[in-house]
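Asker: First, the structure itself, so that you have it in front of you.
The values are calculated or read from the model by the stated rules, or taken from the named source; none is laboratory data. Nothing here was measured: the structure is a model prediction, and the numbers come from that model. Cβ: placed from backbone, ideal geometry, glycine included. Neighbour counts: every protein chain shown. In case anyone asks, the SASA skips ligands and DNA or RNA and just uses the protein heavy atoms, side chains included. Shrake-Rupley method; radii C 1.70, N 1.55, O 1.52, S 1.80 Å.
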Amino acid sequence: KEANGAMRYSVSLLLKEPIGSLRSYQLDEPALLQEGAGERVRGKVRFMRTDRGIWVTGVLETWAPGACSRCLRQLRTRLRLFIDEEYVPTLDILTGVPREVPERAEGTFTIDEHHVLDLTEAVRQYTVVDIPMKPLCRRGCLGLCPVCGADRNETHCTCQEAPSDARWTPLLGLRGRSGSYDAPAR
């Protein structure tokens, strides 16, 4: 393996090869994906030489820690990441002369001056995007009672829900007995 550490790959030989040349790697590395949260990243990545650099594609799996959005129980969410990024070198491989990074530099991943391609930031970004906005510990999670705070998955509380704000009364009057809202007749 041409790795220089976790998710770091020396691509100097690949950059000297013709366009279309390929390398494949199995990835099973620890990764610091969030502050203080280390998880393993597993999967397969493929590097392909392009006219500008290296195109990286792959399918990776990892787990993201979090809390259920309804009951606040700690959980781990399985994530499947589909990596698809181009990395451009900062130095010309043959002459050592610095190269200009393309115009869209803000979102461009680069290969460093030692010709090392580091997947860490791309994996972190793909992980952040894939984490569910409202993760659930299970599909039918009942959540916490808004009055006493009891976990409704574990116990049945007898609390009465707080009365709604009186300003909502005209709108609540539009609701039919079935709990659905009926459109007013024209």
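Asker: Within the stretch 154-186, take every residue that is within 30 Å of residue 138 (Cα to Cα) and charged (D, E, K, R) and give me the one that is modelled with the lowest pLDDT.
Answerer: Per the criteria, the residue is 177.
Asker: Take the residues of the stretch 108-163 that are charged (D, E, K, R) and in a strand (DSSP E or B): which is farthest from residue 77 (Cα to Cα)?
Answerer: 118
Asker: Can you go through 127, 90 and tell me which one is modelled with pLDDT under 90 and under 22 Å from the mean Cα position of the chain (by Cα)?
Answerer: 127 is the lone residue from the list that is modelled with pLDDT under 90 and under 22 Å from the mean Cα position of the chain (by Cα).
Asker: Continuing with the same structure: Filter the stretch 51-71 down to the residues that are open to solvent by 40 Å² or more (accessible area, probe 1.4 Å), over 30 Å from residue 143 (Cβ atoms) and modelled with pLDDT under 95 and list them by number.
Answerer: 51, 52
Asker: Can I ask one more? Condition test on residue 124, is it closer than 26 Å to residue 42 by Cβ and in contact (Cβ under 8 Å) with a residue 12 or more places away in the chain?
Answerer: Answer is yes for this residue.
Asker: Also, quick follow-up: Considering the stretch 129-157 alone, what residues qualify as being open to solvent by 80 Å² or more (accessible area, probe 1.4 Å) and either under 30 Å from residue 10 (Cβ atoms) or touching a His at 6+ places or on another chain (Cβ under 6 Å) (or both)?
Answerer: The answer is 129, and nothing else.
Asker: Looking at 42, 46, 76, 80 in this structure, which one is farther than 17 Å from residue 29 by Cα, open to solvent by 20 Å² or more (accessible area, probe 1.4 Å) and of a type in the set (Lys, Arg)?
Answerer: It is 76.
Asker: Right, here's the next one. Would you point out which residue out of 52, 76 is touching a strand residue (DSSP E or B) at 6+ places or on another chain (Cβ under 6 Å), under 22 Å from residue 20 (Cα atoms) and without any contact (Cβ under 8 Å) to a residue 60 or more places away in the chain?
Answerer: Exactly one residue qualifies, and that residue is 52.
Asker: Could you check, for the stretch 27-38, whether at least one of its residues is part of a loop (DSSP other than H, G, I, E, B), modelled with pLDDT of 90 or more and of a type in the set (Gly, Ala, Ser)?
Answerer: no
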